[in-house]
Amino acid sequence: MATEKITREQWAVSDGFIAKIKEDNANFAVKNGRTRLAHTETYGCQQNVNDTERIRGMLAKAGFEFTDKAEEADLVIYNTCAVRENAEQRVFGRLGILKHIKENAKPDMLVAVCGCMVQQEHIAEKIRKVHDHVDLIFGTHALWRMPELLYKAMNENGVVVDITRSDGSIAEDVPILRDKDEKAWVSIMYGCNNFCTYCIVPYVRGRERSRTPEDILSEVKCLVKSGTTEISLLGQNVNSYGKDLGLDIDFADLLRMINDIDGVKRIRFMTSHPKDLSDKLIYTIRDCDKVCKQLHLPVQAGSNRILKEMNRHYTKEQYLEKIDKIKKEIPGITLTTDIIVGFPTETTEDFKETLDIIRYVRYDSIFSFIYSRREGTPAAKLDFVLTDEEIHRNFNELLEVQNQICLEKNLEYKDRIETILVDGSSKTNKSLMSGRTDGGKIVNFKGSPDLCGKYVQVKITNPKQWSLEGELI
Ligand code: 5AD
Ligand code: SF4
């Protein structure tokens, strides 16, 4: 299906509903002496974070203010993730708590659930049946229609549901409200065509569709004007960017175009599928001064049999060949990956091959997951060879091996001077400021809060397992 933009006329309808909600909110404020408050919670990946920024953009335009506390809010929106079962369980848990609050303290509270989880029909149905205090359910494809749906939910009894699919479309005009000034996520494409057999994403986010380079560049230029210097480009598989546009522009070309924009200082991107990682992209990362020397390259598993069962379209040998090439061309690049442990049919011998990869590549960090069965995916029909206990044992072994590598890799940073973009106070020690190196490593150091958003030089004095500590110079 060809990619179509949501037309200006279609967006004008949504914008009209934003105006209506704004009027309603103004009347509410006069009557109650306070502004209506919205609370948003995001589960899952950066794509969801970016979608929530759009939701907040629309809500801000409609006159809502925001609160961090669900129990204070007039409108609660959960933007959900379907990638693993535990993310879904957390949302069901939160909904249970909200039911209690709504029944006992806030009968007028509106509750909305949106995103990947409810794009699955069986989940939307379950929420309708079990959580009748939910007023609005809308899937990933209906994001730009949220104003109309919300207006209906505010004015009608009963639940409003929109989980229809509109696979080929992109909405360009939805306003965005971002949390941070110095760094921004920019979606360059939506959806995924890869159908890895464990993964629900292609079913809930639809087919791959790329934004045009003009739309992306104009968003980046706009961000730079408002003070952003670090841009992170987002897509499920950025390496297939542009294939649907018919413009002869690929992801490497896009990186170069963004590299040429004055005012951009750092460019990051995720995620890259190994099968589509070209030499051209490796050279582009190497040659573009603003493209951070960091690559997230999910391997998922080490055994060729499992990789085939996963429909990943590469072998362990091909993956490692790419890693060798990257390390040769870009020495010192920070490498990270995703690993799934306990995929159906995986044996402990298969798992040992995952360990081999970890030991060979020596990633700076990994994101590891125990396989979670997703209804409707091909892998859901496969049987397990290992017991839960064996899978957990393997998972713990993976963590142990990787933890040691993380520490060793970080120790290499001792006494190095790194340029850090300061982005706030440290999560673990509020008296320290924090930021990231070009390679994406977290550095904590003593400094004043007004360094936020600035690039500073820090000498690494105390490398730890999960972060580096240093002194401002
Ligand atoms: N179970 C466990 N992990 C999964 N991922 C995707 N689907 C599943 C699943 N069903 C992991 C993959 C992917 C990351 C975003 O989430 O490792 O790269
Ligand atoms: Fe899921 Fe595979 Fe697409 Fe990544 S590339 S979103 S793992 S189907």
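If I go through the stretch 379-417 residue by residue, how many of them are basic (K, R) and touching an Asp or Glu at 6+ places or on another chain (Cβ under 9 Å)?
Step one: filter the stretch 379-417 for residues basic (K, R), giving 381, 393, 409, 414, 416.
Of the ones still in play, those that are also touching an Asp or Glu at 6+ places or on another chain (Cβ under 9 Å) are 409.
Qualifying residue count for the region: 1.
Show the residue pairs that are 6+ apart or on different chains and have beta-carbon atoms under 6 Å apart, the first residue being within the stretch 70-99 and closer than 14 Å to M117 by Cα, the second being acidic (D, E) and away from ligand 1 (no atom under 16 Å from the Cβ).
Y78/E41
Which is aromatic (F, W, Y), within 16 Å of ligand 2 (Cβ to nearest atom), closer than 30 Å to N311 by Cα and touching a residue at least 24 places away in the same chain (Cβ under 8 Å), of F367, F395? Please lay out each step first, then the result.
Details: F395 fails: within 16 Å of ligand 2 (Cβ to nearest atom).
Going through F367, F395 in turn, just one is aromatic (F, W, Y), within 16 Å of ligand 2 (Cβ to nearest atom), closer than 30 Å to N311 by Cα and touching a residue at least 24 places away in the same chain (Cβ under 8 Å): F367.
For Y203, which of the numbered conditions (1) open to solvent by less than 20 Å² (accessible area, probe 1.4 Å); (2) in a helix (DSSP H, G or I); (3) within 16 Å of ligand 1 (Cβ to nearest atom); (4) not basic (K, R) fails to hold?
Evaluating Y203 over (1) open to solvent by less than 20 Å² (accessible area, probe 1.4 Å); (2) in a helix (DSSP H, G or I); (3) within 16 Å of ligand 1 (Cβ to nearest atom); (4) not basic (K, R) leaves (1) as the failure.
May I ask you to list the residues in the stretch 40-83 that are out of contact with any His (no Cβ under 9 Å at 6 or more places or on another chain), farther than 29 Å from H122 by Cα and in a loop (DSSP other than H, G, I, E, B)?
A62, G63, F64
Looking only at the stretch 29-39, which residues are part of a helix (DSSP H, G or I) and either open to solvent by less than 40 Å² (accessible area, probe 1.4 Å) or within 16 Å of ligand 1 (Cβ to nearest atom) (or both)?
Of all residues in the stretch 29-39, those part of a helix (DSSP H, G or I) come to 29-32.
Selection gives A29 alone.
I need a count of the residues in the stretch 68-107 that are in contact with an Asp or Glu (Cβ under 9 Å, 6 or more places away or on another chain) and polar (S, T, N, Q).
So the answer is 2.
Could you tell me whether D248 is assigned to a loop (DSSP other than H, G, I, E, B), within 30 Å of V118 (Cα to Cα), out of contact with any Ser or Thr (no Cβ under 8 Å at 6 or more places or on another chain) and acidic (D, E)? I'd like the intermediate steps shown before the answer.
Working: assigned to a loop (DSSP other than H, G, I, E, B): yes; within 30 Å of V118 (Cα to Cα): no; out of contact with any Ser or Thr (no Cβ under 8 Å at 6 or more places or on another chain): yes; acidic (D, E): yes.
For D248, the condition - assigned to a loop (DSSP other than H, G, I, E, B), within 30 Å of V118 (Cα to Cα), out of contact with any Ser or Thr (no Cβ under 8 Å at 6 or more places or on another chain) and acidic (D, E) - is not met.
List the strands (runs of 3 or more DSSP E) inside the stretch 353-452, counting only whole elements, that have at least 2 residues being open to solvent by less than 30 Å² (accessible area, probe 1.4 Å) and over 30 Å from E88 (Cα atoms). Outline the logic, then answer.
On the way: elements: 365-370, 417-425, 433-436, 442-445.
So the answer is 417-425, 433-436, 442-445.
So in the stretch 422-464, with the set limited to residues that are under 24 Å from the mean Cα position of the chain (by Cα) and among the polar types (S, T, N, Q), which one is farthest from T337 (Cα to Cα)?
If we take residues in the stretch 422-464 being under 24 Å from the mean Cα position of the chain (by Cα) and among the polar types (S, T, N, Q), then S425 is farthest from T337 (Cα to Cα).
The values are calculated or read from the model by the stated rules, or taken from the named source; none is laboratory data. The model shown is predicted, which means the values in this text are computed figures rather than measured ones. Note: ideal-geometry Cβ built from the backbone for every residue, glycine included; neighbour counts use all protein chains shown. Only protein heavy atoms, including side chains, enter the accessible area calculation; ligands, DNA and RNA are left aside. Shrake-Rupley method; radii C 1.70, N 1.55, O 1.52, S 1.80 Å.
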